[in-house]
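First the structure, in the form of structure tokens, and then the observations on it.
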Amino acid sequence: MAGNIGRSAKIKKAATVIAGIRDFTMSWGGASINITSGEDSGVRLLLPDSGEEQLDISGEGIMKETTFMDIALTTATSKMLTDITIDLGIIDTTTNSTPGTITGDFRLSATEIGNPYQEAITFSLTLESSGPWVYVAETV
């Protein structure tokens, strides 16, 4: 199995690329439900389901357009981004040619703009899931 480069990750809104990502991190979390009681002799017992699940996405890239900056800095603008698709890139390049995706609604919870001297303007962002998301694995 071959690997692939991380720069192929993209964030799309309604099928239009709104950010190309150079560095990408995805974090899933699921809150455990503790049902331990006296008859469990002090040994923790958890339900198999999560009480709440979340998917947080953070990324960094080169600023080529101002969508995230406009959303973040315009106070009257909703930070909820609907119809978002995240192309994850292709990990197994020996057999697959279509990237995995995550689709859903995400809230822009943080963004940062970097303007280094004599270098490209950069951005970083954090997206938090709102409601269910759909993951589709990469395919042939």
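Some observations on this one:
- Residue selected from segment 57-96 under the condition touching a Lys or Arg at 6+ places or on another chain (Cβ under 7 Å) and of a type outside the set (A, V, I, L, M), by the criterion surrounded by the most Cβ atoms within 10 Å (Cβ to Cβ): GLY61
- In segment 7-22, the residues that are over 14 Å from the mean Cα position of the chain (by Cα) and assigned to a loop (DSSP other than H, G, I, E, B): ALA14, ALA15
- Contact annotation: residue pairs with Cβ atoms under 6 Å, 6 or more positions apart or on different chains, pairing a residue in segment 42-61 that is under 13 Å from TRP28 (Cβ atoms) with a partner that is assigned to a loop (DSSP other than H, G, I, E, B), are SER50/ALA31; GLU52/ALA31.
- Flag for ILE33 being within 24 Å of GLY89 (Cα to Cα) and surrounded by 11 or more Cβ atoms within 10 Å (Cβ to Cβ): no
- Annotation note: Cβ proximity below 6 Å between a residue of segment 127-140 that is on the phi > 0 side of the Ramachandran plot and a residue that is surrounded by 12 or more Cβ atoms within 10 Å (Cβ to Cβ) and of a type in the set (D, E, K, R) (sequence gap 6+ or interchain) occurs for GLY131/ASP105.
- One residue alone among GLY6, GLY100 is under 18 Å from PRO132 (Cα atoms), surrounded by 13 or more Cβ atoms within 10 Å (Cβ to Cβ) and either modelled with pLDDT under 90 or basic (Lys, Arg) (or both), and that residue is GLY100.
The values are calculated or read from the model by the stated rules, or taken from the named source; none is laboratory data. None of the values given here were measured: they were computed from a predicted structure. Cβ coordinates were reconstructed from backbone atoms using ideal geometry, including for glycine residues, and neighbour counts include every protein chain displayed.
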